[in-house]
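The values are calculated or read from the model by the stated rules, or taken from the named source; none is laboratory data. All figures in this text were calculated on a predicted structure; none of them were measured in a lab. Cβ: placed from backbone, ideal geometry, glycine included. Neighbour counts: every protein chain shown. When the accessible area is computed, the model is the full protein with side chains, heavy atoms only, and any ligands, DNA or RNA have been set aside. Shrake-Rupley method; radii C 1.70, N 1.55, O 1.52, S 1.80 Å.
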Amino acid sequence: MANQPKAWVFGPPRRPVPGTVKDEVTTKAEALIEKVLKPRNVQPPPKKPRFNYITKITTKWLGSKCYFISTYACPGPHALSPTFESKFARMEYVGNGKFALSFMRHTGQWVELYDAVSVDDCLKAIRDDPWFQP
């Protein structure tokens with residue numbers, strides 16, 4: 001089969017996130033992080049650290065996507081940097097107050113598990129589903 005020339009294709013329209021929805025997600029996500037994710041995953045540094053460990057969990061908005069990010073400390077003497085960030089969950093706004101929820105696979109690709117679910121259902125899945133581990 002001959003190679004077809006590359007062409008521009010129209011994608012789906014981008015949906016901006018309304019400010020009220022963004023504020024709701026941010027406040028509920030921060031509450032989830034403080035009450036559940038940090039106590040479960042952020043431990044005090046080990047006495048003799050040899051491996052990377054989680055020091056912080058935060059959220060960050062990029063366009064219409066809200067990312068859950070864990071910050072790791074690199075204690076080794078040969079570490080390239082003292083810390084690094086790793087995204088582990090993504091909530092993508094799809095309209096009408098609904099989100100598509102994805103997790104970061106070990107290959108660096110996002111895998112969408114839930115489509116068009118509410119904010120509360122997304123946060124419940126991040127809390128309970130083993131796919132969303134920092």
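Given the structure, is PRO45 open to solvent by less than 60 Å² (accessible area, probe 1.4 Å) and in contact (Cβ under 8 Å) with a residue 24 or more places away in the chain? Against the criterion (open to solvent by less than 60 Å² (accessible area, probe 1.4 Å) and in contact (Cβ under 8 Å) with a residue 24 or more places away in the chain), PRO45 does not qualify. Candidates are the residues of region 88-134 that are among the charged types (D, E, K, R) and surrounded by 13 or more Cβ atoms within 10 Å (Cβ to Cβ); the one that is farthest from GLY19 (Cα to Cα) is ASP129.
For region 23-56, the tally of residues that are of a type in the set (Lys, Arg) and touching a strand residue (DSSP E or B) at 6+ places or on another chain (Cβ under 9 Å) stands at 2. Among the numbered conditions (1) closer than 17 Å to TRP131 by Cα; (2) in a strand (DSSP E or B), tell me where LEU37 comes up short. LEU37 satisfies every listed condition except (2).
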